[in-house]
Every structure is written in structure tokens, then in C-alpha cells.
1. Taking the conditions exactly as written (within 25 Å of Thr148 (Cα to Cα) and touching a His at 6+ places or on another chain (Cβ under 7 Å)), does Ala172 satisfy them or not?
2. Sort out for me the strands (runs of 3 or more DSSP E) sitting completely within the range 81-197 that have 1 or more residues that are within 16 Å of the ligand (Cβ to nearest atom) and modelled with pLDDT of 95 or more.
3. For the range 216-271, name all the residues that are buried (at least 22 other Cβ atoms within 10 Å of the Cβ), within 16 Å of the ligand (Cβ to nearest atom) and part of a loop (DSSP other than H, G, I, E, B).
4. For residues in the range 40-50 being more than 21 Å from Leu301 (Cβ to Cβ) and surrounded by 18 or more Cβ atoms within 10 Å (Cβ to Cβ), which is farthest from the ligand (Cβ to nearest atom)?
5. In this structure, does Gln35 turn out to be touching an Asp or Glu at 6+ places or on another chain (Cβ under 9 Å), surrounded by 15 or more Cβ atoms within 10 Å (Cβ to Cβ) and over 18 Å from His167 (Cβ atoms)?
6. Which one of these is modelled with pLDDT of 95 or more and within 15 Å of the ligand (Cβ to nearest atom): Arg68, Arg55?
7. List the pairs whose first member sits in the range 1-29 and is outside any helix (DSSP H, G or I), whose second member is of a type in the set (D, E, K, R), and whose Cβ atoms are under 6 Å apart, counting only residues at least 6 apart or on separate chains?
8. Answer yes or no as to whether Asp98 is acidic (Asp, Glu) and closer than 20 Å to His131 by Cβ.
Amino acid sequence: MNMKNRNLISITDYSKEEYLHILKLAETFEKEPVQNIAQGKVVATLFFEPSTRTRLSFESAANRLGARVIGFSDASNSSTAKGESLADTIRTVSCYADLIVMRHPLEGTARLASEVATVPVINAGDGANQHPTQCMLDLYSIQKTQGTLDNLNIALVGDLKYGRTVHSLVEAMCNFNTTFHLVSPESLKLPSTVKMHIKERNLKYYQYTTIAEAVDKVDILYMTRVQRERFLDIQDYERVKNSCILDKSLLKNVKPNMKVLHPLPRVNEINTNVDPLPQAYYFQQAQNGVYVRQALIAAILGLK
Ligand code: CP
């Protein structure tokens, strides 16, 4: 499958077959992480919003492929601070790199960047919209822990309104006959634009306000942080910030194959008393990000 020069802006830009191709490729990188197939290539990581996992795992992935990395993790050190437009920044970086990985707080900016860039662009998160590479590593983690992506029961818990990882994951999992269990406070329910994907496929979904109502029914419990930075009124955040907290006492009667995932960072939504339990998979999930991002870089640069 040839994915050379493909942008990845929304998870729906890729087909189910393309997801599965990237996951297969990621397996090969998990078996053999150091493969110097990208020597001479330059990957730019442009982060206009904070990140630990996405930026560092992309940079780790590029390094393990033998590529060089340029970029910034704080746009206040770039010419954005002098008033340069995003379009001009992207046009310029296109002259220096073979691939651009970018994160921005505004929805739609990655798409805009892909329209002016002369090299492929990967969206590393745009506001509350999409986080497609997180989604790919979530798919990899689900497949690895469950042995399949098909016919699973998945609970998505927490900030379903602003959580971009949730939006991408729901849209991707609609390809695999998933039953969705949506757990959130009323004010943070899944947006109708995302729910539309579930309805279009005639898939089942249930909505709850507590974890207890869903936890024993599911194969995957996908926890998320309430996205404080997206709230216009901090009091609205204060009202919901402790709505859905996972404690080990909630995991007594779960299915034997059940795993807890979280894109991280966590604040308080998973008690640390869950961390030693066999269901806790979120740090392995973060590690899987390196293999999946190696696969994406290799495929988009046309090296695999
Ligand atoms: N999961 C994720 O996007 O983490 P970072 O914000 O640390 O990149």
C-alpha cells in the first residue's frame, strides 16, 4: 500500500485498510525499533500548544528511523511572536523539512497548514477537534490487548465534548462494529457531529453519567481528562472536574480481558491505586506511540 506524501489531518482521511496497514507496520517497529531507513530526512515538529507524549514520541520515532528533527515546543520562541501568520510559517518550514508534525490550539489549523505546505502534514492535535496519531496508537493498543478491533464494547469516559482523542477514536472505531458506552456529565456529552458517525453506521450506543453503570460491560475503558484549557468559564470546569473518577474499587467485577486506557496526561481521573492493577494499560499505550509514529513517518515518507 502506497501512502507516500499523504497528509493525516483527521482520522477519517484514512480508510480502515490504511489503519490496518499502519498497525501492521507498527508491529514490525515494535519487534525492531531501530531501523535507519530515514537517514538524510528531516522531520519538523511545530508545537504551538504544550505536549509531552506526542512531541517526544514523534521525535523518538524520527530518531530511531535515523531522521533529524527540527522545530519548536514553544511558539513564543518562533516568529509567530512577531506576528507571522501560520500560513507563512508553514510555507517556510516546508523549505526545511520533508514532513511537518504540528499541534495547535485552534481547530482547523492543521487542515489549513496542509493546504499551504509543500510537504506532508501530520496533525498532532488541533484544539478540541482531532488527534489522529493518538487514535492510531489507541487502535494499536486495543488490538494488542484484545487480539482484535472487531465487535468490542468500549466505554469512553470524561470529557467527551472537548476531548479530541475521543472524537478521533469514535470515528475510527465506527469501522469495527463497536458498541459505544458514553460516560460523561451532561455538559460534556459527545458532540452531535461525532455521534452522527455512530448513527450513520447503525451502531449501538448508550449514555451514562457514572463509570459504575458501564464498567462491567466493556472490553476497553477509555478514560479522559476534563480539558480545563478549553473552558471559557473556569467555574464551569470546577463544576465538572471531579465527575468521573476511576478508583480500584470500581474494577472488582470487570471482564477478564478488560483494559483501562488513557491518552494521558491524567490529572485526578484515574486514582493512582489503579496503576498496579493488571487492567492498567496507559503507560504501555504511551510506549506504543513510538512504534505507531515510526510507522506513520515511514509510510508518509515513502520508506515502507
Ligand atoms: N496524549 C497526548 O496527546 O499527550 P501530550 O499532550 O502529552 O502530547
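The values are calculated or read from the model by the stated rules, or taken from the named source; none is laboratory data. None of the values given here were measured: they were computed from a predicted structure. Counting neighbours? That spans all protein chains shown, and the Cβs are built from the backbone with ideal geometry, glycine included.
1. Values: within 25 Å of Thr148 (Cα to Cα): yes; touching a His at 6+ places or on another chain (Cβ under 7 Å): no.
For Ala172, the condition - within 25 Å of Thr148 (Cα to Cα) and touching a His at 6+ places or on another chain (Cβ under 7 Å) - is not met.
2. Working: elements: 99-104, 121-126, 153-157, 179-183.
Ranges flagged: 99-104, 121-126, 153-157.
3. Once the filter is applied, which keeps residues that are buried (at least 22 other Cβ atoms within 10 Å of the Cβ), within 16 Å of the ligand (Cβ to nearest atom) and part of a loop (DSSP other than H, G, I, E, B), the range 216-271 yields Thr224, Val226, His262, Pro263.
4. So, considering only residues that are more than 21 Å from Leu301 (Cβ to Cβ) and surrounded by 18 or more Cβ atoms within 10 Å (Cβ to Cβ), the one farthest from the ligand (Cβ to nearest atom) is Phe48.
5. Working: touching an Asp or Glu at 6+ places or on another chain (Cβ under 9 Å): no; surrounded by 15 or more Cβ atoms within 10 Å (Cβ to Cβ): yes; over 18 Å from His167 (Cβ atoms): yes.
So Gln35 fails the test.
6. Working: Arg68 fails: within 15 Å of the ligand (Cβ to nearest atom).
Result of the check over Arg68, Arg55: Arg55.
7. These pairs meet every condition: Ile9/Arg111.
8. Working: acidic (Asp, Glu): yes; closer than 20 Å to His131 by Cβ: no.
No, not satisfied.
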